[in-house]
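First the structure, in the form of structure tokens, and then the observations on it.
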Amino acid sequence: MPLRPQDRPITALPYTPSLELSFLNRAADPCTDFYQYACGNWNHLNPIPPDQARWNVYAKLTDENQRFLWGILEEAAKPAGTRNASEQKIGDYFASCMDEAAIEKAGASPLKERLDQIAGASPLKERLDQIGALKRLADLPPLLARLHLNLGNDNAIFQFGSSQDFANSDQIIAFALAGGLGLPDRDYYLKTDAKSQETRARYSEHVARMLRLLGDAAPTARGEAQTVMAMETAMATASLPRVDKRDPYKMFHKMARAEFLKLAPSFGWAAYWNALGMAAPGEINVTEPEFYKEAEPEFYKEVEKQFRTRTMADWKTYLRWHLAHAEAPYLSAAFVQEDFNFYRKHLRGVTQMEPRWKRCVRYVDDDLGEALGQVFVAKTFTEDTKQRALAMVKQIESAMESDLQQLAWMGDETKKQALTKLHSIVNKIAYPDRWRDYSSVKIVKDDFLGDVDRTVEFEARRQLNKIGNPVDRSEWDMTPPTVNAYYNAAMVNAYYNAAMNDINFPAGVLQPPLFDPKMDDAPNYGNTGATIGHELTHGFDDQGRQFDGKGNLRDWWTRKDAAEFVERDAAEFVERAACVSNQYSQYTVIDDVKINGKLTLGEDVADLGGTILAYIAWKNATRGMNLTPVDGFTPDQRFFIGAAQWACGYERPESKRLHAITDEHSPDEYRINGVVSNMPEFGKAFSCKQGDPMVRADVCRVW
């Protein structure tokens with residue numbers, strides 16, 4: 001694919017201010033549609049690229065970061081004697097990923113050993129620990145363990161890993177979760193509308209085409225695809241709906257090992273754990289227990305049923321599909337294209353595949369993120385920026401403290417507990433204090449799929465090795481280049497972790513246009529300040545409020561403020577949250593698809609609470625200052641425009657439909673209009689009148 005003009009490495013990150021006048025649509029009425037007013041010209045200036053499902057300020061900044069990282073990786077890929085250990089790892093991985101000729105020549109051959117084992121034709125060779133071929137059910141557990149170590153997020157049949165004990169947040173325990181699906185969510189298998197039926201038909205065709213790429217004849221592949229669909233539908237039916245997964249009590253069911261083994265006794269768990277290289281865990285959290293499922297079967301009991309009723313031929317078909325599905329992006333062009341055609345083109349409406357350099361940058365960040373982040377931070381981030389961001393965090397935490405103390409609907413005893421939790425929050429800014437050690441990971445410059453599998457296995461084993469050990473509270477779950485406030489640091493993201501009770505702001509998100517040292521405080525507080533407030537508010541949203549200051553799942557609310565778990569619909573908090581949920585449930589995503597207000601509730605509450613906190617903090621930080629209009633906008637107007645312009649963007653219709661099912665965030669326009677319509681300060685700033693769409697008569701307010 002020929003490179004576009006913008007597909008070139010860059011040596012410096014471009015500058016866009018946190019309030020960009022050219023993005024405004026001055027023909028729009030801010031009191032009718034503030035998002036259109038603040039962002040209406042963004043799409044004209046920034047048309048969605050053909051390789052993207054959605055394109056917004058965060059995506060554009062991520063793209064710019066990727067181009068900068070591309071330059072870093074091209075330099076690191078040069079076999080110079082001056083490379084340090086991190087540069088050698090990321091450079092050689094990137095070089096092997098960019099070697100399309102070698103990848104194309106290999107075709108499907110990198111899968112041969114595992115395909116032979118699944119087929120029962122031959123045992124694995126030494127690199128797969130001499131585990132025998134799949135000939136009977138007893139062979140399945142060790143084989144599945146090896147696949148789980150190498151296939152990352154695919155998690156064929158089920159997921160097994162580690163996480164904090166919800167009841168003792170200082171300890172890591174084993175987690176057994178539902179898995180086994182090739183479609184993005186259980187609803188894709190179960191909904192009966194025409195679009196869902198079309199997607200299932202397309203998915204079945206996709207599975208068949210992938211199996212044909214493995215060498216199966218067309219009629220055989222079509223029959224095998226039906227087998228996969230039937231097995232996955234059974235697993236989907238036994239999985240929790242996505243909304244239910246937002247309730248931590250429905251995701252926490254700790255069992256002794258002996259009790260857990262009874263759920264699926266036909267599966268050789270001892271052989272599975274042995275092949276993972278771990279001791280049998282003493283206790284396991286099962287995330288989807290039966291007593292929360294009403295008439296639906298508990299997931300592992302359904303898996304047991306599948307073990308007892310499915311033939312070995314069915315399991316071979318299922319595992320071959322999931323192997324091909326997980327590894328397709330790293331194989332030859334035929335696999336990559338087929339994977340793209342279904343998951344990006346059909347499900348998200350993307351018309352063109354991303355250029356290879358961009359995919360390779362993302363893979364490095366996924367698999368060697370802290371090694372890449374170490375180089376990124378050294379080239380882009382200053383201690384002064386870190387301290388300014390931390391100062392803003394402190395201001396907003398102070399605003400939340402004042403807000404909590406003044407809440408009329410919360411009792412004094414609960415306020416004390418809430419303040420204890422607030423004061424316990426740990427702020428992780430820019431990058432970790434201690435970088436991850438990848439020295440044990442073998443990277444071979446001409447073995448791309450091998451590099452992927454070895455890095456994925458490194459991370460899988462690292463997580464499994466935590467079981468039974470104390471929590472490392474200094475650890476980051478996202479990489480420094482991430483453009484967001486939580487998950488991935490050279491990408492763009494920020495995040496609150498309830499069990500850790502910390503907020504995470506990687507270096508990638510602390511740069512213009514999100515955090516702009518050149519700009520006045522108003523748009524910075526509206527933009528990054530609201531994001532900081534958003535993450536803080538997650539500690540007190542419908543999920544976060546159920547964890548205490550140490551990160552334990554515990555009801556620390558008094559009965560007057562929040563009823564017991566089975567009665568909590570009577571609580572004041574729930575009533576206030578329901579106002580938000582009901583508001584957002586009225587908004588249309590696309591066609592007749594509405595926002596699922598119960599799914600997006602936590603993010604909607606955080607958007608609203610975060611912006612309110614940022615506004616209060618900004619007012620406190622600038623008290624006594626003589627603030628004057630800039631570029632024709634009052635300071636309050638600049639705050640709200642800054643609070644909107646982080647969300648400027650566009651999303652393809654197909655992607656909107658997918659996110660309506662799977663995304664806990666509302667569409668960008670409602671994340672802005674839904675918030676400002678609940679803030680009288682906005683109406684005053686823009687001289688809106690009662691009855692204008694951006695002025696709600698029934699204002700929602702939680703925090």
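Summary of values
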quantity: Surrounding net charge for Lys358, when Lys and Arg each add one and Asp and Glu each subtract one, Cβ distance under 10 Å; calculated: 0
quantity: Sum of side-chain charges, Met519 neighbourhood, beta-carbon under 14 Å (Lys, Arg +1; Asp, Glu -1); calculated: -2
quantity: In region 593-628, the trypsin sites (Lys or Arg not before Pro) that fall in loop regions by DSSP, at most 11 other Cβ within 10 Å; calculated: Arg623
quantity: Phi to ³J(HN,Hα) by Karplus 6.51 cos²θ - 1.76 cosθ + 1.60 over region 67-83, Hz, x for Gly, Pro; calculated: 5, 5, 5, 4, x, 4, 6, 4, 5, 5, 6, 6, x, 8, x, 8, 5
quantity: The chain, relative contact order [Cα under 8 Å, separation at least 6], %; calculated: 19
quantity: Neighbour cut-off at most 14 other Cβ (10 Å), DSSP loop, chymotrypsin sites (Phe, Trp or Tyr not before Pro), region 373-422; calculated: Trp409
quantity: Mean Cβ count within 10 Å, highest first, over the residues of peptides 258-264, 634-640; calculated: 634-640, 258-264
quantity: Principal-axis tilt of helix 194-213 within the chain, Cα atoms, nearest 10 degrees; calculated: 40
quantity: For the chain, accessible area per residue (1.4 Å probe, heavy atoms of protein chains only), Å²; calculated: 40
quantity: Residues whose placed amide H lies under 5 Å from that of Phe547, excluding near-sequence neighbours; calculated: Arg554
quantity: Set of lysines with alpha-carbon distance to Lys89 below 25 Å, sequence-local pairs under 8 removed; calculated: Lys78, Lys105, Lys358, Lys379, Lys442, Lys445, Lys466
quantity: Neighbourhood net charge (13 Å Cβ-Cβ; Lys/Arg +1, Asp/Glu -1) for Tyr15; calculated: -1
quantity: Largest to smallest accessible area among Arg454, Arg8, Arg136 [probe 1.4 Å]; calculated: Arg136, Arg8, Arg454
quantity: Share of carbon and sulfur in the accessible heavy-atom surface of the chain [1.4 Å probe, %]; calculated: 50
quantity: P(r) weight above 37 Å for the chain, C-alpha pairs, percent; calculated: 40
quantity: Under 5 Å, built H, 5+ apart or other chain: amide partners of Tyr650; calculated: Trp55, Asn56
quantity: Heavy-atom SASA rank of Glu338, Glu664 (probe 1.4 Å, accessible area, largest first); calculated: Glu664, Glu338
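The values are calculated or read from the model by the stated rules, or taken from the named source; none is laboratory data. Just so it is clear, the structure is predicted and the values come from calculations on it, not from any experiment. Quick reminder, even Gly has a Cβ in these numbers, built from the backbone with ideal geometry, and neighbours come from all protein chains shown. To get the accessible areas, we keep the full protein, side chains included, count just its heavy atoms, and leave off ligands, DNA and RNA. Shrake-Rupley method; radii C 1.70, N 1.55, O 1.52, S 1.80 Å.
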